[in-house]
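Presented below is the structure to which this report refers.
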Amino acid sequence: MANHDELFKQIIAHAKEYGYIFPSSEIYDGLSAVYDYGQYGVELKNNIKQYWWRAMVQFHENIVGIDSAIFMHPTIWKASGHVDAFNDPLIDNKDSKKRYRADVLIEDYLQKLEEKIEKEVEKAKKKFENFDETLFRKTNPNVLRSQEKIDAVGDRFAALMNETDLAGIKSLIEELEIACPVSGSKNWTDVRQFNLMFSTQMGSVAEGADTIYLRPETAQGIFVNFLNVYKTGRMKIPFGIAQIGKAFRNEIVARQFIFRMREFEQMEMQFFVRPGEELKWFEYWKEERKKWHLSLGISEESYRFHDHEKLAHYANAATDIEFRFPFGFKELEGIHSRTDFDLSQHEKFTGKKLRYFDPETNESYIPYVVETSIGLDRMFLAVLSNAYTEETLPDGSVRVVLKIPAALAPVKAAVLPLVKKDGLPEKAREIMDMLKPKMMCQYDDKDAIGRRYRRQDAIGTPYCITVDNETLVDNTVTIRERDSMQQKRVRIEEIVKELV
Ligand code: GAP
């Protein structure tokens, strides 16, 4: 298997070759950090959305969904703190003229130290039988040295970020001798704040028109509709409002494919609870969300929680669900206990009461909120990178297969007549017509059957249904399962039952 960088490149190339993801505006040389989803990509994306929506809305009687507009009143973003504080620290290299996120430069430095430790561990694993990894990590001098450095730099970095100490961040970059990856020079400008919101003008005349923002998160659309949903839905606390939709951030450094984009989608849910009960619900949602991820059959080792030690001023608990992407463990989803910050701010800025009357306690209060927020594109990348597999078969050939969980696969079944004659295509078409209303399927009669199987493997189709001469005699077909490549004979009437 290729190293991690190579593997990631292969996944990106595969995504393009098989119609999953294309660079945006490609024939105009592309647009940085913006991507289009192709014919299979859109299916996978829709299936992830549906899988999330069913788990969050359909399965929870006390959660409802909304779809709020991307454009919102500009004062919302003042109230939420985004106008004043949704910033990233940026730094330029004076020689290469390249712009970086100062915090990402330091995070990359820490990541390299972590990779160094992993390499030591892997080396030792190969060398010693009965290898005790925990003991090795506690005693190996190289590992200990790197770990001490990670802890010391990590603590200092967190404090500087927390205090928004831009000069301190620059000093740390200089002390760690971080060089520009392009020029190799350490000739840096000062660190400056950069607001991530895209703005535009509403109205046809620019002069005097209001500046509005493309929403940087979907959550505020939920908060400003809290009262509407609570009243019209006769909701009783605890209850949640879910939403899936586009968000926009003018990321300084957008990289790692669809991991960090300028236009992306979020699947967010705000859960409104009685004040004082938020930490109980925070734990509940941590567990629920973990179960959701694991229900897809992706291994538990691919996930880890990263609890935030330093919290945003409005949060009293926060954790990230991190996923092991090809470039290491990175945030996939955030779970945040946001207190009553957002609703209080909207009360303050609008003068309107955003309160819940609790018939059990006879009190009116601003509910506390626990939020779950997952990036749809990041989940897509998690599923895709987890699925991408290269296998050497007994005959020495290599097959590339996307082992996408069947519930999410873009095409559930391919219907393949063995040959393009003897009435087999007609029979296969009949089966297509039977399956079409129930699932996304594909008819393919081009090339030899082996090549067609490979094509479906590369797309990630869990089942191939082959129609052969026997089918015409006894009404049975062969169903080939993607991962095991095992085949079994099934009666046509039984196909649907076999596939779901
Ligand atoms: N409402 C809370 C919120 O927006 P966040 O941690 O900034 O929190 C939530 O974003 C999730 O959105 C992240 O965990 C990530 O999956 C996704 N996300 C954030 N920025 C992104 C970007 N530039 N590209 C793709 N996904 C992004």
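When every residue of the range 84-96 is checked against the conditions, none turns out to be under 21 Å from the mean Cα position of the chain (by Cα) and modelled with pLDDT of 95 or more.
The rows are residues; the columns are (1) without any contact (Cβ under 8 Å) to a residue 24 or more places away in the chain; (2) of a type in the set (S, T, N, Q); (3) open to solvent by 60 Å² or more (accessible area, probe 1.4 Å).
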{"position": "Lys125", "(1), (2), (3)": "yes, no, yes"}
{"position": "Lys138", "(1), (2), (3)": "yes, no, yes"}
{"position": "Pro141", "(1), (2), (3)": "yes, no, yes"}
{"position": "Asp151", "(1), (2), (3)": "yes, no, yes"}
{"position": "Gly154", "(1), (2), (3)": "no, no, no"}
{"position": "Met161", "(1), (2), (3)": "no, no, yes"}
{"position": "Leu172", "(1), (2), (3)": "no, no, no"}
{"position": "Lys186", "(1), (2), (3)": "yes, no, yes"}
{"position": "Asn195", "(1), (2), (3)": "no, yes, no"}
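Does Leu31 fit the bill of being at pLDDT below 95, surrounded by fewer than 19 Cβ atoms within 10 Å (Cβ to Cβ) and under 19 Å from the mean Cα position of the chain (by Cα)? Spelling it out, it is not the case that Leu31 is at pLDDT below 95, surrounded by fewer than 19 Cβ atoms within 10 Å (Cβ to Cβ) and under 19 Å from the mean Cα position of the chain (by Cα). Which residue, of Leu424, Leu416, Leu435, Leu408, is among the aliphatic types (A, V, I, L, M) and either out of contact with any strand residue (DSSP E or B) (no Cβ under 6 Å at 6 or more places or on another chain) or modelled with pLDDT under 95 (or both)? Only one candidate passes the filter, namely Leu408. Within the range 357-371, the set of residues being among the polar types (S, T, N, Q) and outside any loop (DSSP other than H, G, I, E, B) comprises Ser364 only. Only residues that are over 30 Å from Leu105 (Cα atoms) and not basic (Lys, Arg) were counted in the range 246-278, giving 9.
The residue pairs whose first member lies in the range 251-266 and is without any contact (Cβ under 8 Å) to a residue 40 or more places away in the chain, whose second member is more than 7 Å from the ligand (Cβ to nearest atom), and whose beta carbons are closer than 6 Å, counting only pairs six or more residues apart or on different chains, do not exist in this structure. Annotation for the range 451-459: no member residue is outside any helix (DSSP H, G or I) and over 14 Å from Ala406 (Cα atoms).
Residues satisfying the criterion are absent from the range 210-227 (criterion: touching a residue at least 40 places away in the same chain (Cβ under 8 Å), surrounded by 21 or more Cβ atoms within 10 Å (Cβ to Cβ), farther than 22 Å from Glu347 by Cβ and near the ligand (Cβ under 10 Å from one of its atoms)). Every condition in (1) of a type in the set (D, E, K, R); (2) under 24 Å from Ile459 (Cβ atoms); (3) open to solvent by less than 40 Å² (accessible area, probe 1.4 Å) is met by Asp88 except one, and the failing one is (2). When Val121 is tested against (1) in contact (Cβ under 8 Å) with a residue 60 or more places away in the chain; (2) open to solvent by less than 50 Å² (accessible area, probe 1.4 Å), only condition (1) is not met. Taking the numbered list (1) outside any strand (DSSP E or B); (2) of a type in the set (A, V, I, L, M); (3) open to solvent by less than 10 Å² (accessible area, probe 1.4 Å) in turn, Val496 passes all entries but (3). Among the residues of the range 456-471, how many are buried (at least 18 other Cβ atoms within 10 Å of the Cβ) and without any contact (Cβ under 8 Å) to a residue 60 or more places away in the chain? The total comes to 11.
The values are calculated or read from the model by the stated rules, or taken from the named source; none is laboratory data. Note that the structure is a prediction, hence the values are computed from the model and not measured. Neighbour counts are summed over all protein chains in view; Cβ atoms, including those assigned to glycine, are modelled from backbone coordinates with ideal geometry. What goes into the accessible areas is simple: the full protein's heavy atoms, side chains included, and nothing from ligands, DNA or RNA. Shrake-Rupley method; radii C 1.70, N 1.55, O 1.52, S 1.80 Å.
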